[in-house]
Amino acid sequence: MAAATFLGASNLAVAGATAQGVEIVQATTLDSITVTGTRTEKAAIEVPAAITVVDRESIEASQAKSLDDILETVPGLEMGGGPRDSAEQPNIRGFSGERVVMRVDGVRKNFEAGHRGRVFMEPSLLKQVDVLRGPSSTLYGSGAIGGVVSIETVDAADLLKPGQTIGAMVRTGFHTSNSQRFVTTTGYGAPTENTDVLVSVTRSSAGNYTDGSGDDVPGSGDSILSGLAKGSVVVGGHGLEATLNSFKDDHIIPTAANTDSEAFADRVTNEKSAALTYTYEGTGNWLDARATTYYSRTDIREIRLSDGRHQTTELDTVGVDAANTSRFTLSDWANLNFTAGLEAFQDRQVGTTDGTVRQEFPTAERNTQGYFFQAEFVLYDDLTITPAARYDYYNLTTIGQPENEEGEFSKQIAVSYRVTPWLTAFGSYAEAFRAPSLTELFVGGTHFAFNNFVANPDLRPEFARNKEIGLATSFDDVLSEGDALRMKGSIFRNDVDDLIELQVVGGAFGTSTNVNVTEARIEGIELEAGYESDTFFGAGSYARLRGDDLAQGDPISDIPEDKATATIGYKWPQLGVRAGWRTIYYAGQERVPAATEAVSGEKFIHDVFVSWIPKDKDLEGLRVDFAVDNIMDKDYQRFLSELREAGRNAKLSISYKF
C-alpha cells in the first residue's frame, strides 16, 4: 500500500484539493463524521470509543487492491491470511473470523468457512470505512467481541461535479508486483433534485505476487469482475435507496487459501448482495428513522486439481436492521438522544462434495433476533453519559442433531467529559457475546489424515467484558492559521469467558472437537495522531496488545505483533500536488503458545506516494496517483500470515471524470 496514513479517532484526509481539484482542503477534514460508534452522527474524535474513519480521498489515494491496503495503518487491526487477497480477514484486538462484525452498505457479511477468507469486494468504489475497536454487541449483536468494520460505497452525489446532473468516470492503472491491470467504468447522475443513480463495472486481472526475495507467491493471482448499482429518491423527508453489489473472482488457489498448502483448486468465488434502505427525518425531534432490509449470498465452487473433486460452499443471509433516534430537551442544561431498534437475520449454509453433503461445512440454519436501546445524556454540554442494552435470541439447527438456542443480554455504559476546550477524557464498560457458528456447532467429517471432527451441540456462546479509558485532544491554529492537530489514545482490558477453540486429541488417528475451555484476557494500548495544514501533513499510530489463556497460562495465538506507523508529507496547493513518505514498523511476535510458529525480527517497511489533481480548468476531472510500496524491497512476513509479503510494488492509477 502507499498513498496516505489515516489515523486517529478522526480521519486524516491529506488531499491538497477536492475531488474536482478546484479548492484547497482545509484542516477540518480531520473531523470525519461517523454513525458506527453510537448510531447517531458524531465527529469521530468525539466518540467515547476507539474508532477510526477512512474516507473517500484516502481510499482513492491508496490505489487499494484489497481491504488490507485501506486499513493497514489502523492501530489494533491487522489483516490475516494475506497476501492472497481473497483469503484475507480482519483481526481486531486479537479476534478474527465471526468475532468481528462486517457490514457493507448495512448488509451483514457472515461468511466464514475454514481457510477460504472473508473479504470479497472491489475497493475502488468505497466511500468510507469505519473501524470500531472493542466489544459492541449492544448495537451490533452476536460477533462484535473484537469490533466492527462498517463499509459504505459511493453514490452519485460523491462523484458529480458542482452543477452537474449527469457524469461518467473512467479509472485505469497497474501494479508491478503482480502485473495487475484494472479498468473501472462508472456512470452516474441526478436527473431530478431528489433522485440519483449510479452504475459501475470493474474488470481486474493479476498474476502471482512477487515477494521481497523475487519469488512468486503461488496461487495469488486473480481475475475479477465486479459491479455496483445504486439509486435513491427522497420525497417529503422520506428516502428510499436500493443497492446491488456483485463480485466474481476466478482463480487457481490453494484449498486452504491462507496457508502455504500445495493442494490447489480451480475456484470461482461469487458474492452478491441487495439492500433496500428507508430513511425518514420528521419535522419534529421524535423521528429520525433508518431501516435496511437485505439479502447476501456467498457461493464458492471449486475443483481440486489433484483428484477432480468438486466442492461447493454456500451461505445465504437475509436480514433487517432498523432504528430510530428521538431527541429531547430535558432542561436548559440537559439533552437526551434516545435510540431504539431491532435486528433480525437468518443464515442458511450448504456444503457439498461431488453432489453429496459435506460434513466439514454442514447444511444448517441460524436464526437471530435482537432488540436494543441507547440513551445519550448530554449535560452542561461537557458531560455525556451513554448507557445501552440489548437482548438477543438465537437458534441454530441442522438435520439429525439437537438444536442450540439461547438468549443473551448485553449492556454498555460510556462516559466522556470535556475537561478543557481541547481535552476530553472518556471511559467505558462494554459487554459482547458471540453465538457458536454453524460450522463450529455441527461440523463433522475429516479434519486431517484419519482425525475426524466430532460435533458438540452443547457449545455455549463466548462472552466478553471490556473496560477502557482514554484521552482525546483537539488543537486548531497550532503552528499556522487553519491547521489542526488531533490525538487520541486508550488503554483497555477485555476478559472473555467460554472462548471456543478446536481441541485435537490423538493426533492423526484421533478426534477434533470444538469446546468451551478458555478464560482469555487481552489488554493493550492504542495511540493515534494527525496533523494537517495547508502545506504540511503528518500522522502516526502505535498499538501494543497482550493476550493470555488464563486457564492454561499460555499466550493466545492470534495476537498481532506490536506495530507503529508514521507518515510525513508536503502539499503544493497551487499545483494540486501532494507527496509523502510512510514507514510501518513491525516488532515481530515471539510471545506465542508452544504449537504456534513465532515470527522473529523487527521490520521497517517504507512507502512513497504522490497525487496530482490539476488546478488547470482544461484538465478538470483528471486525477493521477503514483506510489511505490515497500520501496526497499524488504523480504518479510507478518505474524498473522503464513506467507511472505509482496516485495517492491510500483502503482499508477489515472482517473478522469467527464
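The values are calculated or read from the model by the stated rules, or taken from the named source; none is laboratory data. None of these values were measured; they are calculated from a predicted model. FYI the Cβ positions are ideal-geometry reconstructions off the backbone, even for glycines, and counts take in every protein chain you see. Calculation scope for accessible area: heavy atoms of the full protein, side chains included, ligands and nucleic acids excluded. Shrake-Rupley method; radii C 1.70, N 1.55, O 1.52, S 1.80 Å.
General observations
- Lone unmet requirement of (1) touching a helix residue (DSSP H, G or I) at 6+ places or on another chain (Cβ under 9 Å); (2) under 24 Å from L622 (Cα atoms); (3) open to solvent by 10 Å² or more (accessible area, probe 1.4 Å) for A206: (2)
- Count of the range 315-346 residues which are charged (D, E, K, R) and open to solvent by less than 40 Å² (accessible area, probe 1.4 Å): 3
- Qualifying residue in the range 515-522 (condition: assigned to a strand (DSSP E or B), touching a Gly at 6+ places or on another chain (Cβ under 8 Å), of a type in the set (A, V, I, L, M) and crowded, with 21+ Cβ neighbours inside 10 Å): yes
- Residue in the range 593-606 that is among the basic types (K, R), modelled with pLDDT of 90 or more, closer than 28 Å to I568 by Cβ and assigned to a loop (DSSP other than H, G, I, E, B) present: no
- The residues of the range 39-86 that are of a type in the set (A, V, I, L, M, F, W, C), open to solvent by 10 Å² or more (accessible area, probe 1.4 Å) and in a loop (DSSP other than H, G, I, E, B), listed by number, are A49, A64.
- In the range 291-303, of all residues being open to solvent by less than 50 Å² (accessible area, probe 1.4 Å) and of a type in the set (D, E, K, R), the one that is farthest from the chain's Cα centre (by Cα) corresponds to E302.
- With respect to the conditions (1) free of Cβ contacts under 8 Å to residues at least 12 places away in the same chain; (2) in contact with a Ser or Thr (Cβ under 7 Å, 6 or more places away or on another chain), E597 falls short on a single one, namely (2).
- Note on the range 406-426: residues that are closer than 30 Å to Y393 by Cα and either of a type in the set (S, T, Y) or in contact with a Lys or Arg (Cβ under 9 Å, 6 or more places away or on another chain) (or both) amount to 6.
- Subset tally (residues that are within 26 Å of the chain's Cα centre (by Cα), among the charged types (D, E, K, R) and exposed (fewer than 15 other Cβ atoms within 10 Å of the Cβ)) for the range 164-198: 1
- So W612, is it among the aromatic types (F, W, Y), open to solvent by 10 Å² or more (accessible area, probe 1.4 Å) and either farther than 30 Å from A44 by Cα or out of contact with any strand residue (DSSP E or B) (no Cβ under 6 Å at 6 or more places or on another chain) (or both): no
- Residues of the range 463-512 satisfying the condition of being more than 26 Å from G114 (Cβ to Cβ), open to solvent by less than 50 Å² (accessible area, probe 1.4 Å), among the charged types (D, E, K, R) and assigned to a strand (DSSP E or B): E468, R486, K488, D495
- Residues of the range 641-658 satisfying the condition of being open to solvent by 40 Å² or more (accessible area, probe 1.4 Å) and in a loop (DSSP other than H, G, I, E, B): E642, R644, R648, F658
- Just one of the listed residues (G117, G82, G37, G146) is under 25 Å from D549 (Cα atoms) and of a type outside the set (V, I, T), namely G146.
- Residues that are in contact with a Gly (Cβ under 8 Å, 6 or more places away or on another chain) and buried (at least 17 other Cβ atoms within 10 Å of the Cβ), drawn from the range 350-384: R358, Q359, E360, F361, P362, T363, T368, G370, F372
- Restricted to the range 87-132, and to residues there that are under 20 Å from G221 (Cα atoms) and assigned to a helix (DSSP H, G or I), the residue that is modelled with the lowest pLDDT is S124.
- For P560, the criteria (1) under 24 Å from the mean Cα position of the chain (by Cα); (2) assigned to a strand (DSSP E or B) hold in every case but one, which is (2).
- Filter result for S223 (part of a strand (DSSP E or B), open to solvent by less than 40 Å² (accessible area, probe 1.4 Å) and either in contact with a Pro (Cβ under 6 Å, 6 or more places away or on another chain) or not charged (D, E, K, R) (or both)): yes
- Residue check for V515: touching a residue at least 24 places away in the same chain (Cβ under 8 Å) and more than 27 Å from Y586 (Cβ to Cβ): yes
- Every residue from the range 392-405 that is in a strand (DSSP E or B) and either touching a Ser or Thr at 6+ places or on another chain (Cβ under 6 Å) or surrounded by 15 or more Cβ atoms within 10 Å (Cβ to Cβ) (or both): D392, Y393, Y394, N395, L396, T397, T398, N404
- Residue check, G106 on the phi > 0 side of the Ramachandran plot, free of Cβ contacts under 8 Å to residues at least 24 places away in the same chain and open to solvent by 10 Å² or more (accessible area, probe 1.4 Å): no
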